Amino acid sequence: MVTDSDSALTGPVRLQEVAEAAGVSTITVSRCVNRPDRVSAKTRAHVLEVAARLGYIPNRLASSLVSSRTGVVGAIVPTIGNPIHAETLQAATDILGGAGYRILLGDTGYSTAREAELVQTFLGHQVDGMLITGVQHSAACVTQLRRSGVPVVETFEFTASPIDCNAGFSNFEAGAALTHYLIGKGRRRIAFVEHAHIDDSRMNARRDGALSAAAKAGLNVRLHAIDSDPGTGMGGEVVGTIIDAAPETDAIIFAGHQVAVGAIRYAIDNGIDIPERLAIAGFGDSPISRWIRPALTTVRFPMREMGEEAARLLLGRLAGDNTVGSAVNLGFEIMMRESA
């Protein structure tokens, strides 16, 4: 229902109107919206409450022309379907949001060409900084990022020579460590399952780490590929294919954790004893890894810690720390559970 007060609304609420209603200066309102670090939490909460009540919409374009900042950070992930990326983004958003920044999100579908397109698009929108999954990019993408001068933090992989800054871990070492753990548990005929249609440097590194650790122990790893996407949990039926092809197989490592959970479910449904007959392990850790029975032995990557560290690095650069090359190796942990 339209009221008399509604019919009196003739246009967008102005900054000056918010200032008058809140009993502060226009500069204070501007700082609450664009530079929250320059006002007290109490003042900002009061001003934003008044602004919301009045229906004030900040003119981001105008404020960016004045401050050369848009208050927006671009974040690029390979998929939004995998919960591990959501955990990292939430952690980064918690810190960046507290500093007045908002996230512009894009997913690459594991395509370096798509990643380059997103980088170009985000830079065209004048983002203040970028959070990018991985350290392997096309040459065009790297050139764009370096020439832009925009602070960049690469995540999910560790590199001592990032484009700008890096917060991650070694997927190669994780693959080696998980394989070494299985060998230590007496497993000798190990299979590794990767995703056929995805060329992902992180998964490739886990596979290479597994192959390296096995070779050092004088063992071979049988490689298998499935067509399902990481994060879907589909593809667990490959367990049957592997056992049919190589009945002596006593352990299977999956490149992710969702499909490993699906494999446990398949084994249970088909009377395969886990872990007596077959050990199953993966990479990544989410609640379902702990809830499934037997619970999944997997590599826990510090997703929340990584998001927080990436946000801190980015805020440091935005605050004027011009030191590039900051790289933080956050490590990983093997979660020893009942499946292996």
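The values are calculated or read from the model by the stated rules, or taken from the named source; none is laboratory data. Here the structure is a predicted model, which is why all the values come from computation and not from measurement. Quick reminder, even Gly has a Cβ in these numbers, built from the backbone with ideal geometry, and neighbours come from all protein chains shown.
Residues that are assigned by TED's automatic domain parsing to the domain that holds Gly74 and hydroxyl-bearing (Ser, Thr, Tyr): find the strands (runs of 3 or more DSSP E) completely inside region 98-168 holding 3 or more of those. Steps first, answer last, please.
Values: elements: 102-107, 129-133, 152-155, 165-168.
By residue number, no strands (runs of 3 or more DSSP E) qualify.
Within region 112-120, one or more residues are surrounded by fewer than 16 Cβ atoms within 10 Å (Cβ to Cβ), among the hydrophobic types (A, V, I, L, M, F, W, C) and in contact (Cβ under 8 Å) with a residue 12 or more places away in the chain.
Annotation: Ala340 fulfils all but one of (1) closer than 22 Å to Lys185 by Cα; (2) out of contact with any Leu (no Cβ under 8 Å at 6 or more places or on another chain); the unmet one is (2).
Scanning region 180-196 for any residue that is touching a residue at least 60 places away in the same chain (Cβ under 8 Å) and assigned to a helix (DSSP H, G or I) turns up at least one such residue.
Does Val127 satisfy being in contact with a Cys (Cβ under 7 Å, 6 or more places away or on another chain), closer than 21 Å to Pro162 by Cα and buried (at least 16 other Cβ atoms within 10 Å of the Cβ)? Outline the logic, then answer.
Details: in contact with a Cys (Cβ under 7 Å, 6 or more places away or on another chain): no; closer than 21 Å to Pro162 by Cα: yes; buried (at least 16 other Cβ atoms within 10 Å of the Cβ): yes.
Against the criterion (in contact with a Cys (Cβ under 7 Å, 6 or more places away or on another chain), closer than 21 Å to Pro162 by Cα and buried (at least 16 other Cβ atoms within 10 Å of the Cβ)), Val127 does not qualify.
Residue pairs whose Cβ atoms lie under 7 Å apart, sitting 6 or more positions apart in sequence or on different chains, and linking a residue in region 262-273 that is assigned by TED's automatic domain parsing to the domain that holds Ser286 and assigned to a loop (DSSP other than H, G, I, E, B) to a partner that is crowded, with 16+ Cβ neighbours inside 10 Å and aliphatic (A, V, I, L, M), are Ile272/Val239; Ile272/Leu278.
Please enumerate the residues belonging to region 284-327 that are within 14 Å of the chain's Cα centre (by Cα) and not small (Gly, Ala, Ser).
Hits for region 284-327 are Asp285, Arg300, Phe301, Pro302, Met303, Arg304, Glu305, Met306, Glu308, Glu309.
The set of residues from region 116-130 being of a type in the set (D, E, K, R) and within 15 Å of Val153 (Cβ to Cβ) comprises just one member, Asp128.
Where helices (runs of 4 or more DSSP H) fall wholly inside region 1-75, the ranges with 1 or more residues that are within 12 Å of Gly100 (Cβ to Cβ) and modelled with pLDDT of 80 or more are 26-34, 41-54.
Only one of the numbered conditions (1) assigned by TED's automatic domain parsing to the domain that holds Gly134; (2) modelled with pLDDT under 85 is not met by Ile80, and that is (2). Taking region 284-306 as the range and being at pLDDT 95 or above and either of a type in the set (Phe, Trp, Tyr) or under 16 Å from Val238 (Cα atoms) (or both) as the test, only Phe301 passes. Candidates Thr88, Thr79, Thr108: the one that is among the hydroxyl-bearing types (Ser, Thr, Tyr) and over 11 Å from the mean Cα position of the chain (by Cα) is Thr108.
Taken over region 199-220, residues that are more than 18 Å from Asp285 (Cα to Cα) and at pLDDT below 95 amount to 5. Within region 205-219, which residues are touching a residue at least 12 places away in the same chain (Cβ under 8 Å) and over 17 Å from Ala263 (Cβ atoms)? Across region 205-219, the qualifying residues are Ala205, Asp208, Gly209, Leu211, Ser212, Ala213, Ala214, Ala217, Leu219. Test Glu237 against the stated conditions and say whether it is at pLDDT 95 or above and among the acidic types (Asp, Glu). Judged against the criteria, Glu237 is not a match.
Among the residues of region 316-332, write down those that are under 16 Å from Gly129 (Cα atoms) and either of a type in the set (S, T, N, Q) or at pLDDT 95 or above (or both). Don't jump to the end; show me each part of the working.
Going through region 316-332, the residues under 16 Å from Gly129 (Cα atoms) turn out to be 316-326.
Of everything in region 316-332, those that are under 16 Å from Gly129 (Cα atoms) and either of a type in the set (S, T, N, Q) or at pLDDT 95 or above (or both) turn out to be Asn322, Thr323, Ser326.
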